[in-house]
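One structure below.
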Amino acid sequence: MSKQKLAVLTGATGGLGRVFAHRLLQDGWRLLLVARDRSVLQTMVTQFGPEHQAIAVDLSDDKAPAQIAHQAAMMGGASLLVNNAGINRMVAFAEMAQDELTQMLQVNLASPACLTHALLNQLESNRGTVVNIGSALGAIGFPYQSAYCASKFGLRGFSEALAREFSGKVAVKYLAPRAADTAINDESIRQLNQKLGNQMDCPQVVADEFMALLKSKAMRKGVGYPEKFFARLNGLLPELVDGNIIKQCATIRAHFAAQCAKFSSSS
Ligand SMILES: NC(=O)c1ccc[n+]([C@@H]2O[C@H](COP(=O)([O-])OP(=O)(O)OC[C@H]3O[C@@H](n4cnc5c(N)ncnc54)[C@H](OP(=O)(O)O)[C@@H]3O)[C@@H](O)[C@H]2O)c1
């Protein structure tokens with residue numbers, strides 16, 4: 001069995017996941033890559049080398065945590081779990097189908113908690129680390145992202161409670177990126193972010209912050225100003241933030257109305 005420590009990385013095929021995987025690789029970790037797309041996972045493992053493995057599972061499947069934990073145990077046991085897989089779609093709450101709502105809470109919140117639970121024995125015996133990838137929207141309630149915010153606020157609370165419960169046994173960390181340039185944001189969202197004045201980081205910048213958090217003693221880290229400042233202000237005095245964000249609803253509504261008009265004139 002290899003002496004290199006094992007990291008389980010979910011969302012490994014995504015915009016942030018791929019860069020995290022490369023950084024962990026450079027840092028000497030062995031990887032168990034998790035996502036649904038079997039062929040992309042296979043290409044990554046072939047590129048990384050035979051000591052690395054992948055598992056193609058849907059994290060909304062109840063059986064996924066046990067399957068991942070079993071494969072990690074076969075590889076010698078996990079020392080790091082990165083709960084990075086996530087989904088989002090900016091949509092009016094009233095227009096969101098209930099299936100989509102529950103899927104978002106499942107993939108972004110229930111699945112990271114269940115996977116952490118399934119890997120707990122391995123992580124405890126290796127005095128390991130969990131890094132949960134949250135969002136700036138895990139501290140700032142943003143209109144048209146209510147289910148996503150619910151999932152990321154929940155993930156932040158889960159991380160904080162677990163970090164305190166397992167202090168000295170398993171290090172539990174929470175990274176809160178702001179918008180980043182990946183496929184989770186389609187062209188329409190990129191345009192809207194521009195209109196709202198929201199900056200987008202490139203995945204490498206988020207990966208720098210991820211590695212810095214992993215190597216530090218800190219439990220939590222935000223990415224980028226002014227989002228870090230607003231997250232703190234919103235926690236302390238949300239009534240000072242309400243007005244500014246409510247004002248943005250008009251821009252968001254106009255953007256979606258224009259998209260709708262464009263779609264119906266082209267179809
Ligand atoms: N990019 C941003 O603007 C931003 C900002 C703040 C926080 N974040 C957070 O960063 C994390 C990574 O996002 P990203 O930007 O890299 O998104 P992305 O490029 O869309 O990647 C999402 C990843 O999650 C996996 N995934 C999605 N649904 C899954 C499911 N049901 N089962 C298993 N795997 C699933 C996808 O793989 P498959 O499709 O192969 O399954 C993919 O690897 C997410 O938690 C996101 O909320 C992103």
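Values in this text are rule-based calculations from the coordinates and carry no lab data. None of these values were measured; they are calculated from a predicted model. Every residue, glycine among them, receives a Cβ derived from its backbone with ideal geometry; neighbour counts consider all protein chains shown.
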- prompt: Could you say whether any residue in the stretch 129-143 is in contact with a strand residue (DSSP E or B) (Cβ under 9 Å, 6 or more places away or on another chain), over 23 Å from ARG23 (Cα atoms) and either part of a strand (DSSP E or B) or within 11 Å of the ligand (Cβ to nearest atom) (or both)?
  reply: yes
message: If GLY17 meets every condition in (1) touching a residue at least 60 places away in the same chain (Cβ under 8 Å); (2) part of a helix (DSSP H, G or I); (3) more than 16 Å from the ligand (Cβ to nearest atom) apart from one, which number is that one?
response: (3)
query: Does any residue in the stretch 51-64 that is more than 24 Å from MET104 (Cβ to Cβ) come within less than 9 Å, Cβ to Cβ, of a residue that is exposed (fewer than 13 other Cβ atoms within 10 Å of the Cβ) six or more places away or on a different chain, and which pairs are these?
result: GLU51/SER2; GLN53/MET74
task: Tally the residues that are touching a residue at least 12 places away in the same chain (Cβ under 8 Å), farther than 14 Å from LEU214 by Cα and within 12 Å of the ligand (Cβ to nearest atom), restricting the search to the stretch 20-50.
output: 10
- line: In the stretch 58-86, residues that are surrounded by fewer than 18 Cβ atoms within 10 Å (Cβ to Cβ) and part of a loop (DSSP other than H, G, I, E, B) total 6
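What are the residues in the stretch 1-14 that are outside any loop (DSSP other than H, G, I, E, B), of a type in the set (A, V, I, L, M) and within 10 Å of the ligand (Cβ to nearest atom), if any? Spell out how you get there, then give the answer.
To start, the set of residues in the stretch 1-14 that are outside any loop (DSSP other than H, G, I, E, B) comprises 6-10.
Those left that are additionally of a type in the set (A, V, I, L, M): 6-9.
Within the stretch 1-14, just LEU9 meets the criteria.
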query: In the stretch 103-126, which residues are more than 19 Å from ILE184 (Cβ to Cβ) and either in contact (Cβ under 8 Å) with a residue 60 or more places away in the chain or not aliphatic (A, V, I, L, M) (or both)?
result: CYS114, LEU115, THR116, HIS117, LEU119, ASN121, GLN122, GLU124, SER125, ASN126
